[in-house]
Amino acid sequence: MYAVEVVADDLTGAMDTSQGFAARGYATTVVVDPQAKMDAIEEDAAVLGINTDSRYDDKADAVDAVSTVVEETSSRTIYKKVDSTLRGNFAAEVDAALAASGAELALVAPAFPSAGRTTEDGVHYVKGTPVAETEYGDDKKGPTSSSLADLFKSIDRPVENVPLSTITDGHDEVAAAITEIVERNDRAPIIICDAVEDTHLAGAAKATTDVNTLYVGSAGLAEQIIVPGADADTRLSPQLRDGAALGVAGSVSETTLSQLERVSTDAVIQIDGPTLLKDKDLDDIVEQAVHRLRDNQPVVLTAATDDKDVDRTLAAGEEQELTSSEIREQIAAGLAKTAAAVLQDETPSGLLLTGGDIAVAVIRELGATAVTLTGEEVEAGIPIGMFADGATAGMPLVTKAGGFGSEETIVNCLDVLSQTDA
């Protein structure tokens, strides 16, 4: 039995949130999907991260996926990971997890201050801007409001907020406020906690240690959750290899596109998006990437380096009468097949995968099912793991959510993995 199960709606989220436990020494493994074979997972692992891959699913399918995972768990603590920009089936998945868990309350704190995500007066911000007013509000599954309470309006549960003024009074005051909310409601409530600093998240976590709580948050809250009865002395050292790293950038967020601009132009190998949609032969791309790796030079495969590339690919997909989801899936599949072909001819020192869709696609294409986290990270929210099974078992892996990091983050990831200049 695992002490904690992290249930996330995408793989990079499962990785960066599970890192909050691995960084403190808890043995942590993340599986690509709930149906993955569990042979690669150590039975004594304290924390298991599970990717339901449901962010862009229809609401009913997402609810079924989350409910099934939570109902089948025997873990003492369930952590429902939500996107730090509130994308996906946010409210529906939280409600489903709370119902399936039988917890007395859901403590909802999606803030991740070190990554610029904060919550104040129940309103969620990304680097100071209300989240619905950022690029994430334009996402197909983006938040329709920056108010967390508004997002939960469709849920038939009491929803209340613990304001920053109470949070800053200390965990005893927070505990008293939470107890009062639970006692005066007949149904398990959703309790939103403000947080603009890590200490605020720590106080909220400490205030609920004696209550059967469903924890709901991003990577920030996970760093503060207490794990009773689990060994916290199992940090691993990534086995870095000689050579250069292979990166695959599937995210087209503004953050990732700006990060790609900082990578050496020789290292970025762009694959034409419309060509990927037509599933054409990409032997020349594979040969180019293999040649660079053999020269100990890092490589980043991508289908877009700016918004014009994105628009052109979307237009090509629409001409083929593909939906936005189908376009996203086909681009991810094409990049994954190309990366796998490169690995057949040359073994890189490690892999960098940015974007949840591409991370899942590449790992599945390589025949792997699980990743063991080392507890180390390149930057906040960007963990270093190792493939737990498959032909790439033992190879270092870094995953990065599309919207995470500074302009130098992709360069930093390649440097950590390959010890060469990107």
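The values are calculated or read from the model by the stated rules, or taken from the named source; none is laboratory data. Note that the structure is predicted; figures quoted are calculated from it, not measured. No Cβ is skipped: glycine too gets one built from the backbone with ideal geometry, and neighbour counts run over all protein chains shown.
Does ASP186 fit the bill of being out of contact with any Cys (no Cβ under 8 Å at 6 or more places or on another chain) and touching a residue at least 12 places away in the same chain (Cβ under 8 Å)?
Against the criterion (out of contact with any Cys (no Cβ under 8 Å at 6 or more places or on another chain) and touching a residue at least 12 places away in the same chain (Cβ under 8 Å)), ASP186 does not qualify.
With in a loop (DSSP other than H, G, I, E, B), buried (at least 18 other Cβ atoms within 10 Å of the Cβ) and in contact (Cβ under 8 Å) with a residue 24 or more places away in the chain as the only criterion, which of THR255, THR305 stands out?
Criteria check complete, one pass: THR305.
Within segment 72-108, restricting attention to residues that are polar (S, T, N, Q) and more than 12 Å from LEU214 (Cβ to Cβ), which residue is surrounded by the fewest Cβ atoms within 10 Å (Cβ to Cβ)?
Looking at the filtered set, the residue picked out is SER74.
Tell me, please, whether a residue that is outside any loop (DSSP other than H, G, I, E, B) and either within 23 Å of ASP357 (Cα to Cα) or under 16 Å from the mean Cα position of the chain (by Cα) (or both) can be found in segment 72-79.
Yes, segment 72-79 contains at least one residue that is outside any loop (DSSP other than H, G, I, E, B) and either within 23 Å of ASP357 (Cα to Cα) or under 16 Å from the mean Cα position of the chain (by Cα) (or both).
Can you spot a residue in segment 364-373 that is among the polar types (S, T, N, Q) and either at pLDDT below 95 or in the same structural domain as MET15 (by TED's automatic domain parsing) (or both)?
So in segment 364-373, the residues among the polar types (S, T, N, Q) come out as 369, 372.
Next, from what is left, pick out any that are either at pLDDT below 95 or in the same structural domain as MET15 (by TED's automatic domain parsing) (or both): 369, 372.
Yes, segment 364-373 contains a residue that is among the polar types (S, T, N, Q) and either at pLDDT below 95 or in the same structural domain as MET15 (by TED's automatic domain parsing) (or both).
For segment 58-65, does any single residue satisfy the condition of being assigned to a loop (DSSP other than H, G, I, E, B) and more than 27 Å from VAL227 (Cα to Cα)?
Scanning segment 58-65, I find at least one residue that is assigned to a loop (DSSP other than H, G, I, E, B) and more than 27 Å from VAL227 (Cα to Cα), so the answer is yes.
This table checks each residue for (1) closer than 29 Å to LYS140 by Cα; (2) touching a strand residue (DSSP E or B) at 6+ places or on another chain (Cβ under 7 Å); (3) assigned to a helix (DSSP H, G or I).
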{"residue": "LEU322", "(1), (2), (3)": "yes, no, no"}
{"residue": "ARG328", "(1), (2), (3)": "yes, no, yes"}
{"residue": "ILE331", "(1), (2), (3)": "yes, no, yes"}
{"residue": "LEU353", "(1), (2), (3)": "yes, yes, no"}
{"residue": "VAL371", "(1), (2), (3)": "yes, yes, no"}
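Residue-wise test of (1) assigned to a strand (DSSP E or B); (2) under 16 Å from the mean Cα position of the chain (by Cα); (3) of a type in the set (Gly, Ala, Ser).
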site: THR85; (1), (2), (3): no, yes, no
site: ALA100; (1), (2), (3): no, no, yes
site: LYS153; (1), (2), (3): no, no, no
site: ASN161; (1), (2), (3): yes, no, no
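Please verify whether segment 113-134 includes one or more residues that are under 17 Å from the mean Cα position of the chain (by Cα), assigned to a loop (DSSP other than H, G, I, E, B) and buried (at least 24 other Cβ atoms within 10 Å of the Cβ).
no
Do you know which of the residues in segment 29-71 that are closer than 25 Å to THR209 by Cβ and not aliphatic (A, V, I, L, M) is modelled with the lowest pLDDT?
Looking at the filtered set, the residue picked out is ASP44.
Among the residues of segment 79-92, what is the count of those that are under 18 Å from MET15 (Cβ atoms) and either out of contact with any Phe, Trp or Tyr (no Cβ under 8 Å at 6 or more places or on another chain) or aliphatic (A, V, I, L, M) (or both)?
Matching residues across segment 79-92 total 2.
Looking at segment 261-302, which of the residues that are among the small types (Gly, Ala, Ser) and assigned to a loop (DSSP other than H, G, I, E, B) is surrounded by the fewest Cβ atoms within 10 Å (Cβ to Cβ)?
Taking segment 261-302 and keeping what is among the small types (Gly, Ala, Ser), we get 264, 267, 273, 289.
Now narrow it down to the ones that are assigned to a loop (DSSP other than H, G, I, E, B): 264, 267.
Details: SER264: 13, ALA267: 22.
The selected residue is SER264.
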